[in-house]
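Colleague: One structure coming up, written as structure tokens, with questions to follow.
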Amino acid sequence: MSDLLIATGERRAIFVGGKGGVGKTSVASSLALAHARRGSRVLVVSTDPAHNLGHLWETRVGDDAVTLWEGDEGRVDGVEIDPARTVDAHLSAVAETMTRLLPENLHRAARDHLESARDAPGTHEAAVLERVAETLEAGLDSYDLVVFDTAPSGHTLHLLAMPEQMTGWTEKLLANRDRSERYAVAYGSLGGTKDTSDRDAELRRMLLRRKARFSLMRDSLADPHRTGFVIVTVAEPMPIAESREVASQLAELGVPLIGVVANRLSPADLMPLRRSREDALLEALDLGAPITRIPLIDELIGLPSLERLASALA
Ligand SMILES: Nc1ncnc2c1ncn2[C@@H]1O[C@H](COP(=O)(O)OP(=O)(O)O)[C@@H](O)[C@H]1O
Ligand SMILES: [Mg+2]
């Protein structure tokens, strides 16, 4: 077994990151397949807005998990996170509460405010993070391993750095809830319905649940025995430079880097010069984690080629 398979097999959640087009989805998928072949139940979660998980497996994949591969014991399920769905669900829950708590003449202003929140900077990212945390929580319950196929590196690191902020944000929401609950009680004593406070309690539970979810994610990310980051790169100067950058940001965030995959290496027999340049770049690369070398595999799509890549990784 390769270092990469051992290191990922010892953990519960793996984040696969790197520049766009280097092979994150291919590596995440075949890593999942390699573990599933050994009897693990694995969930692959694509968080990249440019999803290509379904394309690679030649199956329709969406916001709910579908089975991509099934063996006697192991299996691979896949999800492509749809942030728009999360934003919609969240905004309609908030809209419902606002409509209940606000007098009729303010409903329109409240709706306008929510509509502008839909496109506000950060809303989309917050929704992705919310789904990542939700999927991680549910995934840890039902799977042996959750593999996140993430968006290009900078974006992912930003998300990884956000749980703290999100927890803070949830706390603020909770504080606001406390206040509006008081209003609701006052309103209730003026003849409002009891139904309102029941639903408020429900909303409060939802917020607490969400807070717990982000705490779990933060704890999970910082736990080197439970979580690891795998950088995928190709052996070219720019992606290698970006990988160094990612590695140092991970170190700052306290997220353990457990492996580097050098993907799509040129065949030494057909392209000796090119390959020796690639080898030289990799020789000089020390990110503090073992490098797994993967050759160029032609026509990487569908199960047979994923099997080949899984063998190369294993
Ligand atoms: N080892 C490989 N050999 C040949 N083609 C590869 C290899 N790994 C990935 N590819 C191809 O490179 C392209 C990008 O891979 P993908 O996994 O989608 O990257 P990312 O998810 O990082 O954007 C795809 O067309 C894929 O088939
Ligand atoms: Mg991809």
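Colleague: Taking the Cα centre of the range 1-114 as the origin and placing charges on Cβ (Lys, Arg +1; Asp, Glu -1), which of 94, 114, 5 is farthest toward the positive end of the dipole?
Modeller: Farthest towards the positive pole: 5.
Colleague: Can you give me the long-range amide H partners of residue 261? Hydrogens built in the peptide plane at 1.01 Å from N, cutoff under 5 Å, separation of 5 or more residues or another chain.
Modeller: Counting only residues 5 or more places away or on other chains, the set is 231, 232, 233, 292.
Colleague: In whole Hz and in residue order, list the ³J(HN,Hα) couplings for the range 108-115 that follow from phi through the Karplus curve 6.51 cos²θ - 1.76 cosθ + 1.60, θ = phi - 60°; x for Gly and Pro.
Modeller: With the stated coefficients, the range 108-115 comes to 5, 4, 5, 5, 4, 4, 5, 4 Hz.
Colleague: List the residues, sorted by chain then number, that are 5 or more residues from residue 15 or on another chain and whose placed amide H is less than 5 Å from its amide H.
Modeller: For residue 15, whose amide H was placed from the backbone, the distant partners under 5 Å are 148, 228, 229, 230.
Colleague: Please give me, ordered by residue number, the GluC sites (Glu not before Pro) of the range 267-314 that lie in loop per DSSP and have at most 13 other Cβ atoms within 10 Å.
Modeller: 299
Colleague: For the range 1-143, give the magnitude of the charge dipole about the Cα centre (Cβ charges: +1 Lys/Arg, -1 Asp/Glu; no others), in debye to the nearest 20.
Modeller: Once rounded to the nearest 20, the dipole reads 280 debye.
Colleague: Report, in debye and to the nearest 20, how large the dipole of the range 243-293 comes out about its Cα centre when Lys and Arg carry +1 and Asp and Glu carry -1 on their Cβ.
Modeller: Here the range 243-293 has a charge dipole of around 200 debye.
Colleague: Karplus couplings for the range 296-306 from phi (6.51 cos²θ - 1.76 cosθ + 1.60, θ = phi - 60°), rounded to Hz, Gly and Pro as x?
Modeller: Computed from phi, the couplings for the range 296-306 are 5, 10, 6, 6, 7, 7, x, 4, x, 6, 5 Hz.
Colleague: Between residue 58 and residue 303, what is the label-point separation in nm under the 7 Å Cα-to-beta-carbon projection?
Modeller: Result: 0.9 nm between the two label points.
Colleague: Here's a follow-up. Work out from phi, with θ = phi - 60° and the Karplus expression 6.51 cos²θ - 1.76 cosθ + 1.60, the ³J(HN,Hα) of each residue of the range 55-66, listed in order in whole Hz, and give x for Gly and Pro.
Modeller: Residue by residue, the range 55-66 yields 4, 4, 8, 6, 9, 7, 10, x, 6, 9, 5, 10 Hz.
Colleague: Given the C-alpha centroids of the range 250-290 and the range 10-68, what is the distance between them in whole angstrom?
Modeller: The two parts, judged by their Cα centres, are 21 Å apart.
Colleague: I need the semi-axes of the equivalent ellipsoid of the range 1-155: take the C-alpha gyration tensor, multiply each eigenvalue by 5, square-root it, list largest first in whole angstrom.
Modeller: Equivalent ellipsoid of the range 1-155: 36, 16, 13 Å, largest first.
Colleague: Which order do you get for 67, 8 if you rank them by accessible area with a 1.4 Å probe, largest at the top?
Modeller: Listed by decreasing accessible area, they come as 67, 8.
Colleague: Hey, another quick one. Quick one: how many Å² of residue 1 are accessible to a 1.4 Å probe, rounded to 10?
Modeller: 140
Colleague: Let me ask you something else. Please get the size of the charge dipole for the range 1-62, origin at its Cα centre, with Cβ charges of +1 on Lys and Arg and -1 on Asp and Glu, quoted in debye to the nearest 20.
Modeller: 140
Colleague: Using the C-alpha atoms of the range 70-133, what convex hull volume per residue, in cubic angstrom, is computed?
Modeller: 102
Colleague: In addition: Charges on Cβ only, +1 for Lys and Arg, -1 for Asp and Glu, centred on the Cα centroid of the range 1-95; of 61, 46, 27, which one is farthest towards the dipole's positive end?
Modeller: The residue sitting farthest along the positive end of the dipole is 27.
The values are calculated or read from the model by the stated rules, or taken from the named source; none is laboratory data. Fair warning: this is a prediction, and the values are worked out from it, not measured in the lab. Counting neighbours? That spans all protein chains shown, and the Cβs are built from the backbone with ideal geometry, glycine included. The accessibility values were calculated without ligands, DNA or RNA, using every heavy atom of the protein model including side chains. Shrake-Rupley method; radii C 1.70, N 1.55, O 1.52, S 1.80 Å.
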